[in-house]
1. Quick one: which residue in B:PHE137, B:PHE156, B:PHE113, B:PHE175 is of a type in the set (Phe, Trp, Tyr) and under 22 Å from A:SER64 (Cα atoms)?
2. Taking the range B:152-170 as the region of interest, how many residues are among the hydroxyl-bearing types (Ser, Thr, Tyr), away from chain A (no Cβ under 14 Å) and either under 9 Å from the mean Cα position of the chain (by Cα) or surrounded by 14 or more Cβ atoms within 10 Å (Cβ to Cβ) (or both)?
3. Only one of B:ILE173, B:ILE149, B:ILE122 is within 13 Å of chain A (Cβ to nearest Cβ), in contact with a Leu (Cβ under 8 Å, 6 or more places away or on another chain) and either of a type in the set (D, E, K, R) or open to solvent by less than 20 Å² (accessible area, probe 1.4 Å) (or both); which?
4. Got at least one residue in the range A:60-69 being without any contact (Cβ under 8 Å) to a residue 60 or more places away in the chain, in contact with a Lys or Arg (Cβ under 7 Å, 6 or more places away or on another chain) and over 15 Å from A:ILE43 (Cβ atoms)?
5. Please state which of the following conditions B:GLU32 fails to meet, knowing it meets all the rest: (1) touching a helix residue (DSSP H, G or I) at 6+ places or on another chain (Cβ under 9 Å); (2) surrounded by fewer than 18 Cβ atoms within 10 Å (Cβ to Cβ); (3) of a type outside the set (Phe, Trp, Tyr).
6. Quick test of your reading of the structure: A:ASN6 fulfils all but one of (1) assigned to a strand (DSSP E or B); (2) surrounded by 20 or more Cβ atoms within 10 Å (Cβ to Cβ). Name the failing condition by number.
7. Would you check which residues across the range B:133-175 are in a helix (DSSP H, G or I), under 16 Å from A:VAL63 (Cα atoms) and out of contact with any Ser or Thr (no Cβ under 7 Å at 6 or more places or on another chain) and list them?
Amino acid sequence: MIQVSNEGPKFVVADVTITEANLSNSDQFKAELVSLLDQHKKIIILDLQELKYVDSAFLGALVSALKYAISQKLDIVLVGLRNDIRDLIKLIRLDKVFKIYNYPEEAQFAVNKF
Amino acid sequence: MQSSAEKMVFNFDNSAEKLVSSLEYMLGYIAERTPAHVDPEDILFRSKVIITELLTNGIKHAGKDHTRFDIEIDNELLVIRKTDSGSPLYLVNSRQTAEDKKLISADPLNSLFAIWESDNHIRFASEEGSLDDFLSFEQVMEHFGILIITRSADEFTYTWDKETSSNIFRVQIKF
């Protein structure tokens with residue numbers, strides 16, 4: 001469901017490989033994300049370009065994983081969002097807590113400056 | 001809603017595997033009937049997130065029976081109604097006699113309210129929170145279903161129909 005595609009000193013780029021993220025896979029998604037944080041101890045740049053459908057259960061899992069990342073003094077950064085998923089995130093104001101970039105390279109540049 | 005409104009009924013079997021195909025079927029119906037004077041992108045985005053959350057709610061709460069969707073559309077309104085025979089929403093029994101508006105959830109990003117219009121009829125409302133109150137990321141809530149529908153709709157209500165033991169969620173979008 002999540003595959004590491006690139007790694008730098010401060011970050012890991014992780015690609016979400018599913019197209020539908022909803023109630024049926026949100027628990028597994030959160031578990032994989034938390035495991036990735038534990039394993040690498042780096043900021044996760046989560047590439048969501050394959051995702052076409054998300055629901056509130058997925059967004060809840062994402063927030064829960066971000067809480068864990070923050071507690072570990074890490075972060076989860078979002079890239080590659082479709083317009084409608086970005087609009088949904090803005091609708092419930094989660095763009096105030098997630099850093100969002102268009103492309104992984106843009107996020108890597110920003111993360112390296114942290 | 002005018003008498004010339006187009007109507008459709010769709011029965012969802014509450015299985016997660018059929019969530020996307022059910023969503024696409026209902027969105028297709030709406031897309032074909034959206035009036036020419038309306039921005040289709042806006043209506044389809046709002047319809048998509050609303051129907052997704054209603055389907056997810058069906059999977060979580062509607063039990064073994066199917067969930068019925070009624071969609072009505074005319075030149076002025078889009079109405080999406082979801083009916084199921086699951087247990088009534090917990091809010092039905094929590095009306096406070098002195099106060100008809102109750103805060104359901106709040107964090108620095110959003111507040112969500114239930115407003116009782118009668119004992120078994122609730123309207124939802126939301127407000128943006130103040131980021132000045134942001135003390136800890138731990139405060140951010142993790143349940144967004146009702147909030148997403150409330151924000152996307154012009155009106156979102158819930159009715160517990162005692163006679164038929166049905167939950168009725170009704171969402172209205174004005175064109």
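The values are calculated or read from the model by the stated rules, or taken from the named source; none is laboratory data. All values derive from a computational prediction rather than experimental measurement. Note that each Cβ is placed from the backbone with ideal geometry, even for glycine, and that neighbours are counted across all protein chains shown. Please note that ligands, DNA and RNA were not included when accessible areas were found on the heavy atoms of the full protein model with its side chains. Shrake-Rupley method; radii C 1.70, N 1.55, O 1.52, S 1.80 Å.
1. Within the list B:PHE137, B:PHE156, B:PHE113, B:PHE175, the selection yields B:PHE137.
2. Of the residues in that region, 4 qualify.
3. B:ILE149
4. yes
5. Evaluating B:GLU32 over (1) touching a helix residue (DSSP H, G or I) at 6+ places or on another chain (Cβ under 9 Å); (2) surrounded by fewer than 18 Cβ atoms within 10 Å (Cβ to Cβ); (3) of a type outside the set (Phe, Trp, Tyr) leaves (1) as the failure.
6. All conditions pass for A:ASN6, except number (2).
7. The answer is B:PHE137, B:GLU138, B:GLN139.
Conditions (1) modelled with pLDDT under 95; (2) over 16 Å from the mean Cα position of the chain (by Cα), marked per residue:
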| site | (1), (2) |
| --- | --- |
| B:SER4 | yes, yes |
| B:VAL9 | no, yes |
| B:SER15 | yes, yes |
| B:VAL20 | yes, yes |
| B:TYR25 | no, yes |
| B:ALA31 | no, yes |
| B:LYS48 | no, no |
| B:ASN57 | yes, no |
